[in-house]
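> This is the structure I want to talk about, given as structure tokens.
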Number of protein chains: 2
Amino acid sequence: MELNQCINYLLTTSQHKVFQEISRRLEPFDVTPIQYGVMHCLWKGEKTTPKEIASELKLENSTISGILDRMEKKGLLNRHVSIEDRRFIEVVLTDKGKSLEEPILKVIDDANHDILASIPEKEQELLKKNLRILAGLEEA
Amino acid sequence: MELNQCINYLLTTSQHKVFQEISRRLEPFDVTPIQYGVMHCLWKGEKTTPKEIASELKLENSTISGILDRMEKKGLLNRHVSIEDRRFIEVVLTDKGKSLEEPILKVIDDANHDILASIPEKEQELLKKNLRILAGLEEA
């Protein structure tokens, strides 16, 4: 099998290229793509514990802790003991973290549009669907 | 935009899942997916300098050096000064590295088949083509 037929090689190289592009566009906000993913969870207000965020982003529980540390140092979020259930840590955006929602979502929207522009529009949804299947996010 | 519509999120999560699966299957050979990529270049015999291998695998030149170090320690390859042009380092497989070609290619073939099995056959080539476009490996 040629490397450019191997699904692992193709996902690794395309992910690398797209990740670089998104990183570059998020740089002015001093935010990495993964930190954007964390804020996305919090902007939506649905996933608010480190464990839920890690699960949504498919990160190991050991990884999320370091990411939240760095984001807390940057003043994007704080961690509190949950008022509803004191066994849980709850992650809460700061005003700075909240204020980034609109400009960052605009940048991500534009980036997605530009990155996918080289793929015929009717194939874009199929590509996303098949990636969700490979990621285990959607049933085949 | 929902995360599961974001191309960076979809590539990152699907790459992670597929990479884990390939890693698991290569474990009996004590070889990582990236080390497999390096050996693939050498089995083909086309890319033999660290720079060429790095370019083929879309790795930074600084990354390839550590990978080759570890592979040399494992007895998979050696580095020599090129006989044809003494300015270049040439990477050469050991007998152990050569002997892994057949069993590893079989494992990779099977893994690709199984990973893609959840995607309709006629969509598999389109998926690969569009990933090559995103990776910059193929013109749109």
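> Just to be sure I understand the filter: pairs with C-beta atoms under 6 Å, separated by 6 or more residues or on different chains, first member in the stretch B:105-119 and within 12 Å of B:Arg25 (Cβ to Cβ), second member not in a helix (DSSP H, G or I). Which pairs pass?
B:Asp109/A:Met1
> I've got another one for you. Looking at the stretch B:41-77, which of its residues are of a type in the set (A, V, I, L, M, F, W, C) and in contact with a Cys (Cβ under 6 Å, 6 or more places away or on another chain)?
Passing the criteria: only B:Ile53.
> Hey, another quick one. Out of all the residues in the stretch B:67-81, is one or more in contact with a Leu (Cβ under 8 Å, 6 or more places away or on another chain), within 14 Å of chain A (Cβ to nearest Cβ) and under 24 Å from A:Gln5 (Cβ atoms)?
yes
> Regarding B:Asp95, is this residue at the interface with chain A (Cβ under 8 Å from one of its Cβ atoms) and closer than 17 Å to B:Trp43 by Cα? Step through it out loud before you land on a result.
Working: at the interface with chain A (Cβ under 8 Å from one of its Cβ atoms): no; closer than 17 Å to B:Trp43 by Cα: yes.
No; evaluated as a whole, the condition is false for this residue.
> Could you tell me whether B:Ile67 is under 17 Å from the mean Cα position of the chain (by Cα) and touching a residue at least 24 places away in the same chain (Cβ under 8 Å)?
yes
> Exactly one condition in (1) in contact with a Phe, Trp or Tyr (Cβ under 9 Å, 6 or more places away or on another chain); (2) within 14 Å of chain A (Cβ to nearest Cβ); (3) touching a residue at least 40 places away in the same chain (Cβ under 8 Å) is not met by B:Gly37; state its number.
Every condition holds for B:Gly37 apart from (3).
> Could you list, in sequence order, all residues of the stretch A:35-52 that are modelled with pLDDT under 95, in contact with a helix residue (DSSP H, G or I) (Cβ under 8 Å, 6 or more places away or on another chain) and β-branched (Val, Ile, Thr)?
A:Thr48
> Let me ask you something else. Would you check which residues across the stretch B:124-140 are more than 7 Å from chain A (Cβ to nearest Cβ), open to solvent by 40 Å² or more (accessible area, probe 1.4 Å) and over 19 Å from A:His16 (Cβ atoms) and list them?
B:Glu125
> When the residues of the stretch A:2-34 are filtered to those that are at negative phi and not in a helix (DSSP H, G or I), which remaining residue is nearest to the other protein chains (Cβ to nearest Cβ)? Talk me through it step by step, then tell me what you get.
First, the residues of the stretch A:2-34 that are at negative phi: A:2-29, A:31-34.
Filter once more, so that each one left must be not in a helix (DSSP H, G or I): A:2, A:6, A:31-32.
Values: A:Glu2: 9, A:Cys6: 6, A:Val31: 13, A:Thr32: 11 Å.
Result: A:Cys6.
> Of the conditions (1) touching a Pro at 6+ places or on another chain (Cβ under 8 Å); (2) at pLDDT below 95; (3) not basic (Lys, Arg), B:Val81 clears all except one; give me its number.
(1)
The values are calculated or read from the model by the stated rules, or taken from the named source; none is laboratory data. This one's a predicted model, so the numbers in the text were calculated from it and none came from an experiment. Because the Cβ atoms are built from the backbone with ideal geometry, glycine has one as well, and the counts that use them run over all protein chains shown. Side chains included, ligands, DNA and RNA excluded: accessible areas come from the protein's heavy atoms. Shrake-Rupley method; radii C 1.70, N 1.55, O 1.52, S 1.80 Å.
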